[in-house]
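One structure is given below, encoded as structure tokens.
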Amino acid sequence: MSKDRSSKNTMENSGLSADEQLLFCNARPEPYKPYSIKAVEDFANWARANSLWILAFGTGCCSIELRPLMTARFDISRFGIAGRPTPRQSSVFIIGGYVSVKTLKRIIRSYEQMQGPKFIIALGSCPANGGMYFDSYNTINQFDLYLPVDMYVTGCMPRPEALLAAIMELKEDIKVGNCDGANRYVENLDWYKANQKKVIKNWDMPDYNW
Amino acid sequence: MNTLLDRLATDFGIYDISDRKPAITTLKVEKQQAERLIRELRDREGYTHLNFITCIDYIEQGIFTLVYMLHNYGDKSTLGVEVDIDRENAEMTSIHTLWAQAWTYQRELREMFGINFPGSPRQEEDFCLEGWDDIPPMRREFNTKTYSTETFGHREGRVSEDPREHMKAQLYPTRGGDN
Amino acid sequence: MIYASMSEWFGRVGNFGLTLLIVTVYGLLVGALIERIIAKVQGRVGIPYSQPFINIAKTFFKRTAVSHGIMFYLGPVFRIAGGIGTLAFIPVIYGSEMFSNFSMAGDLFLVIYFMFFGQLGMALGAGESGHPYSAIGIARGLSQMTAYEVPFALAVISIVIQYDTLSITEIVAAQQGGWQNWTVITNWVATLAAMLAFLGMTGYSPFDIFLAPQEIPIGPPTEFHSAYLSFLQINRALFGATKLVLFMNLFFGGATGWVELMIKTLLIYMVAIVVGVAFPRFRVDQGIRFFFKIPTLIGIMSIVYVQMVLA
């Protein structure tokens, strides 16, 4: 998949060694356009909203709040929501609480492997402003510097009901076509990448993980 | 226990013995004697289990205190062997030959405090922090708040309240402070 | 079969298309129903009946897709070709010219071949994705398939001897005239072996190790996404329903109408579900050992039974 390296539409992948660079795709992602026929786009958005698959990647303590949603008491599957163990097939990434720098690297990899349209719900206070880890040496303070966030749920920790309410609100947003975080990410890729590389000191992965 | 401690005092020059809890005793030993003492405790006295190795930073005295917590399954007693080492050029004998798991602790101590354990396996590799380029974060001269604000930024609008005052004002506004 | 004219051939293709549509939609609905039943067992409400359709629409309308190579494209295509091919040679409704598909003299062979074909195509496609969990899932899936094919093949051989034919239509015809003529009564040993193999075929617990969402992210389809995945989802429903129709034809007397078909296939499916909700998962070596012991023995016994008792 390695294309012309001098072209403008490639990433540098400078974190990789010369022979590793041959193994990874270096194409630059492009923003996608909605379907030109409005009815098709509306139908697609409706389908997306009613079939949200959550990536099973708990990043911090708040992700414990995800489990009750699967149980008999809340039963999130009523709303077409299911867990999905692989980023390729999931569409919602729930950032479950504090994000350490080490985890952030994995989150970026997983997020970039998800197929658009993809949405991020930031759960808890920590991704919003650092929360109780605001002075920690390895926990980021503002998650939206690194990846685009569609919905914040504050609280330490938020109750499962709060998360459920956020998912419901996200569904409404998707239906009207507001959630285009993946596009924002691609359009401002250089800004996001600069922020990511500022905190992730050992960047030993491709610039965009296809 | 007391006979053991008496014998150790003559053989290894331990000092500063104190009973922290009924079954936990700590003692101090010089850096040069430490490995010999631990080996003796493991091989002769039944302290076969290494609970953990940790470090306390006494920045005022310019020392690190390493604590080797050993456990004896025979009489269910725990012995903490404390070793003072110099804060500058901190270095200690590796005990990974006694317990294989010790090198994990030693890797962590090197990363978090900057203590060298010559000969310990995989010392140079990252343990928890990936690509750390500042002074080791658990040293007390490292200011986490400054580092966090410089590196990760500060969200505008975030305010920190004193919990006690804040709760007084929010939860018990009528009591006027003496609750 | 020789067709009299082009128009008759087109008519048959059209009829097959209709059968395909009905069976796929039925498969998706049964999938939702089964999910709901499992949810009720767990004290939940479960997914809406429309959920499988919405899921397919969503995966189909994903905006981006990445490829890992030619075989990665072909994997889902082979898989769905296996599903369609299996259905194409099974007479769905007995006595109906319209829904007998391309059934012919040796169709049982073709059907069993096509059941393998889809799995192998999928294995190639998933292998090209390069994901280690895919490879693990394939290794587990294929070894489990090899294991459950043994009792299934023995059972099929047994009923082939019993009815002295390789045509599914004739096998169904021989079972007409009341429940006492069904294979499940006349050759209960073969049916028992086949139903045990059926547990492995459906991929429900205790034989769901090759999907195992908790350990190897859903196994072979780990890397498949977007439209590839929608193909796989359609095939899952189609292939599942097709297997049910095959079992119904071979062992439970076939069906003369769609309502009879739906009732019978649902009851056959419930066997796998009841076992699935009641038993925990086998490891792959335990599963293989299971199939090579009792079910294989029963399969051999069924051939002996046919030769000694029925002959």
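State which residue is nearest to A:Met114 (Cα to Cα) when the search covers only segment A:139-159 and only residues that are within 14 Å of another protein chain (Cβ to nearest Cβ) and of a type in the set (Val, Ile, Thr).
Restricting to residues being within 14 Å of another protein chain (Cβ to nearest Cβ) and of a type in the set (Val, Ile, Thr), the top hit is A:Val149.
Just wondering, is there one or more residues in segment C:249-261 that are open to solvent by 60 Å² or more (accessible area, probe 1.4 Å), hydrophobic (A, V, I, L, M, F, W, C), in contact (Cβ under 8 Å) with a residue 40 or more places away in the chain and more than 26 Å from C:Leu110 (Cβ to Cβ)?
no
How many residues are under 20 Å from C:Pro221 (Cβ atoms) and facing chain C (nearest Cβ under 9 Å) if we restrict to segment A:91-117?
Here the count works out to 5.
Given C:Ile300, C:Ile209, C:Ile268, which one is open to solvent by 30 Å² or more (accessible area, probe 1.4 Å), out of contact with any His (no Cβ under 9 Å at 6 or more places or on another chain) and touching a residue at least 40 places away in the same chain (Cβ under 8 Å)?
It is C:Ile300.
Among (1) open to solvent by 30 Å² or more (accessible area, probe 1.4 Å); (2) part of a loop (DSSP other than H, G, I, E, B); (3) within 14 Å of chain A (Cβ to nearest Cβ); (4) not acidic (Asp, Glu), which single condition is B:Gly131 missing?
(1)
Here are A:Ser100, A:Ser136, A:Ser110, A:Ser125: which of them is open to solvent by 10 Å² or more (accessible area, probe 1.4 Å), of a type outside the set (Asp, Glu), more than 20 Å from A:Asp207 (Cβ to Cβ) and in contact (Cβ under 8 Å) with a residue 40 or more places away in the chain?
Matching residue, one of A:Ser100, A:Ser136, A:Ser110, A:Ser125: A:Ser100.
Just checking, does segment A:52-70 include any residue being in a strand (DSSP E or B) and open to solvent by 30 Å² or more (accessible area, probe 1.4 Å)?
No - not one qualifying residue is present in segment A:52-70.
Exactly one condition in (1) open to solvent by 30 Å² or more (accessible area, probe 1.4 Å); (2) aliphatic (A, V, I, L, M); (3) in a helix (DSSP H, G or I); (4) touching a residue at least 24 places away in the same chain (Cβ under 8 Å) is not met by C:Ile138; state its number.
(1)
Under the condition of being more than 7 Å from chain A (Cβ to nearest Cβ) and open to solvent by 60 Å² or more (accessible area, probe 1.4 Å), which residue from segment C:45-65 is nearest to A:Gln89 (Cα to Cα)?
Within segment C:45-65, the match that is nearest to A:Gln89 (Cα to Cα) is C:Phe60.
Only one of these is out of contact with any Asp or Glu (no Cβ under 7 Å at 6 or more places or on another chain), more than 30 Å from B:His96 (Cα to Cα), hydroxyl-bearing (Ser, Thr, Tyr) and assigned to a helix (DSSP H, G or I): B:Thr146, B:Thr174. Name it.
B:Thr146
Which of (1) under 28 Å from A:Asp204 (Cβ atoms); (2) open to solvent by 10 Å² or more (accessible area, probe 1.4 Å) does A:Phe93 not meet, given it meets every other one?
Among (1) under 28 Å from A:Asp204 (Cβ atoms); (2) open to solvent by 10 Å² or more (accessible area, probe 1.4 Å), A:Phe93 violates only (2).
Between a first residue in segment A:72-84 that is touching a residue at least 60 places away in the same chain (Cβ under 8 Å) and a second residue that is surrounded by 20 or more Cβ atoms within 10 Å (Cβ to Cβ), which pairs have beta carbons less than 7 Å apart while being 6 or more apart in sequence or on different chains?
Listed pairs, sorted by first residue: A:Ile76/A:Leu69; A:Ile81/A:Leu52; A:Ile81/A:Ile54; A:Ile81/A:Ile167.
Can you find even one residue in segment B:142-162 that is more than 7 Å from chain A (Cβ to nearest Cβ), over 26 Å from B:Glu88 (Cα atoms) and surrounded by 13 or more Cβ atoms within 10 Å (Cβ to Cβ)?
Yes, segment B:142-162 contains at least one residue that is more than 7 Å from chain A (Cβ to nearest Cβ), over 26 Å from B:Glu88 (Cα atoms) and surrounded by 13 or more Cβ atoms within 10 Å (Cβ to Cβ).
Of everything in segment C:1-44, what is open to solvent by 50 Å² or more (accessible area, probe 1.4 Å), among the aromatic types (Phe, Trp, Tyr) and in a helix (DSSP H, G or I)? Give them in sequence order.
The answer is C:Trp9, C:Phe10.
Within segment A:163-195, track down each residue that is more than 15 Å from A:Ala49 (Cβ to Cβ), away from every other protein chain (no Cβ under 12 Å) and of a type in the set (S, T, N, Q).
A:Asn188, the sole residue that qualifies.
Which residue pairs have Cβ atoms under 7 Å apart, sit 6 or more places apart or on different chains, and have a first residue in segment B:16-43 that is free of Cβ contacts under 8 Å to residues at least 24 places away in the same chain and a second that is among the hydroxyl-bearing types (Ser, Thr, Tyr) and open to solvent by less than 90 Å² (accessible area, probe 1.4 Å)?
Correct list of pairs: B:Ile17/B:Thr25; B:Ser18/B:Thr26; B:Asp19/B:Thr25.
Quickly run through segment A:116-152 and pick out the residues that are part of a loop (DSSP other than H, G, I, E, B) and within 21 Å of A:Met168 (Cα to Cα).
A:Gly116, A:Pro117, A:Lys118, A:Gly124, A:Pro148, A:Val149, A:Asp150
The values are calculated or read from the model by the stated rules, or taken from the named source; none is laboratory data. Just so it is clear, the model here is predicted, and its values are computed rather than measured. Note: ideal-geometry Cβ built from the backbone for every residue, glycine included; neighbour counts use all protein chains shown. Surface areas here come from the heavy atoms of the whole protein model, side chains and all, with no ligands, DNA or RNA. Shrake-Rupley method; radii C 1.70, N 1.55, O 1.52, S 1.80 Å.
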